[in-house]
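Taken together, the values in this text are just the output of simple stated rules run on the coordinates, not laboratory data. Source: prediction; values computed, not measured. Cβ placement follows ideal geometry from the backbone for every residue including glycine, while neighbour counts extend to all protein chains displayed.
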Amino acid sequence: MKTNYRALDVSSFFIRKGVSPLKLQKLLYYSQLWFFVKNDKRLFDDRIQAWIYGPVVYDVWANFKFMKRSSIIPNNRAVNLDLDDLTLDHLNDIWESYGHLTGADLVDLTHNDLPWKNSRKGLLSNEPSDKEVIINKDTTIDFSLDSCNRIPIVNTQNTLGRYSNF
């Protein structure tokens with residue numbers, strides 16, 4: 001099992017599925033979080049920062065900052081990467097659980113997650129931050145696999161709709 005991927009490399013999997021920069025950031029966060037829950041290690045080494053609209057990997061943001069948040073990233077921005085089977089299965093599980101959600105839905109979800117909330121403690125809701133989103137056994141306590149040992153599929157009714165104007 002290879003786990004020294006870069007977030008930008010992992011991004012290519014989701015770019016090929018057709019995602020916006022906003023949605024990509026949240027899928028990367030959930031990829032890292034659930035990989036930790038399942039394997040007790042990180043999928044990629046990049047830091048995830050606690051920005052106002054949820055978790056962000058800066059290097060990935062820098063690559064797509066020229067695009068509008070809701071624009072679909074062109075497929076030609078994806079790199080060819082040979083992902084091992086475990087990683088590929090994991091990313092497919094993330095897509096199955098979260099891929100049907102909008103970027104705004106995912107922002108809402110991340111705002112209710114302990115890793116993001118802990119990293120934003122002491123900050124105003126509109127205050128910029130580059131604090132790291134910590135993913136460990138303490139912050140992922142609310143995340144558990146379903147009875148088939150898979151990532152639960154998220155229902156859009158669980159989101160608040162607060163950021164639906166994206």
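Per-structure values
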| quantity | calculated |
| --- | --- |
| Integer Hz, Karplus 6.51/-1.76/1.60 couplings in order for region 113-127, x for Gly and Pro | 8, 4, x, 6, 4, 4, 6, 9, 4, x, 9, 5, 4, 10, 8 |
| Label of the coordinate-derived value, Cα extents along the principal axes in Å, listed as (1) 41, 37, 29; (2) 77, 41, 27; (3) 69, 31, 25 | (1) |
| Around residue 7: net Lys/Arg minus Asp/Glu count, Cβ-Cβ under 12 Å | -1 |
| Cleavage-rule hits, trypsin sites (Lys or Arg not before Pro), region 39-121, DSSP coil, Cβ neighbours within 10 Å at most 12 | 41, 65, 68, 121 |
| Helix runs (DSSP H) in the chain reaching 15 Å along axis by Cα, Kyte-Doolittle at least 0.0 | 21-39 |
| Average Cα contact separation per residue, the chain, under 8 Å, 6 or more apart, as relative contact order % | 30 percent |
| Dipole of region 6-133, positive direction: furthest Cα of 110, 126, 70, with charges on the beta-carbon | 126 |
